[in-house]
Amino acid sequence: MKETKSLSRRASRTSWPPKYRWLHEYALAKPEAVADYKESWDALRYFVHGKIFALLVRNRAVTLLNLKCDPYLAFDFRARFPTVLPGWHMNKLHWISLSLMGDTPENVCKELVDISYELVWKGLPKRIRERSSAWRAQDGVGDSETHR
């Protein structure tokens, strides 16, 4: 399991609305992704090499998945899907919030997680990306060409 020690099974299962629980496993399936639960934020954080690519936040009224997104793509997604909102408590230009209280098609949810992960991956220092790509290629984990 790719969860850090601070992420309890209870936190990972109860934070997600039932119809979107598969997204937890999808985000953790990304190469070198880990998750933890930050109690003071009541949030699940998903990282790649210490950088957040997804943040599941809850409040009384709504559950949101904050994701990094290219500004032009964010505008397009917000125009097409009412469940895609400006990033809650994040930089509104570079982050979006996916409301998990509505009906967003599965392929759109996956695409948004993929975009966020790739943006964060590409923002990592080159030495980390190269070392990680070499490790995955050597061990046959994932496609090392995906992240170059």
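The values are calculated or read from the model by the stated rules, or taken from the named source; none is laboratory data. Please read all numbers here as calculations on a predicted model, not as lab measurements. Glycine also receives a Cβ, built like all others from the backbone with ideal geometry; neighbour counts cover every protein chain displayed.
Structure data summary
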item	result
Within the range 30-58, considering residues that are out of contact with any strand residue (DSSP E or B) (no Cβ under 8 Å at 6 or more places or on another chain) and without any contact (Cβ under 8 Å) to a residue 12 or more places away in the chain, the one nearest to Val113 (Cα to Cα)	Gly50
Verdict on Lys110 being within 18 Å of the chain's Cα centre (by Cα), modelled with pLDDT under 95 and part of a helix (DSSP H, G or I)	no
Residues satisfying the stated conditions in the range 87-133, i.e. under 15 Å from Arg21 (Cα atoms), surrounded by 14 or more Cβ atoms within 10 Å (Cβ to Cβ), free of Cβ contacts under 8 Å to residues at least 60 places away in the same chain and not β-branched (Val, Ile, Thr)	Leu98, Ser99
Subset of the range 15-62 (residues that are β-branched (Val, Ile, Thr), surrounded by 17 or more Cβ atoms within 10 Å (Cβ to Cβ) and either in a helix (DSSP H, G or I) or out of contact with any Asp or Glu (no Cβ under 9 Å at 6 or more places or on another chain) (or both))	Ile52
Restricting the range 63-99 to residues that are assigned to a strand (DSSP E or B) and β-branched (Val, Ile, Thr), the residue that is nearest to the chain's Cα centre (by Cα)	Ile96
Matching option when the condition is of a type in the set (D, E, K, R) and at pLDDT below 90, among Lys38, Lys68	Lys38
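For every residue, the table says whether it meets (1) under 15 Å from Leu64 (Cβ atoms); (2) among the aromatic types (Phe, Trp, Tyr); (3) in contact with a strand residue (DSSP E or B) (Cβ under 6 Å, 6 or more places away or on another chain).
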position	(1), (2), (3)
Pro82	yes, no, no
Leu85	yes, no, yes
Met90	yes, no, yes
Trp95	yes, yes, yes
Gly102	yes, no, no
Lys110	no, no, no
Ile115	no, no, no
Lys122	no, no, no
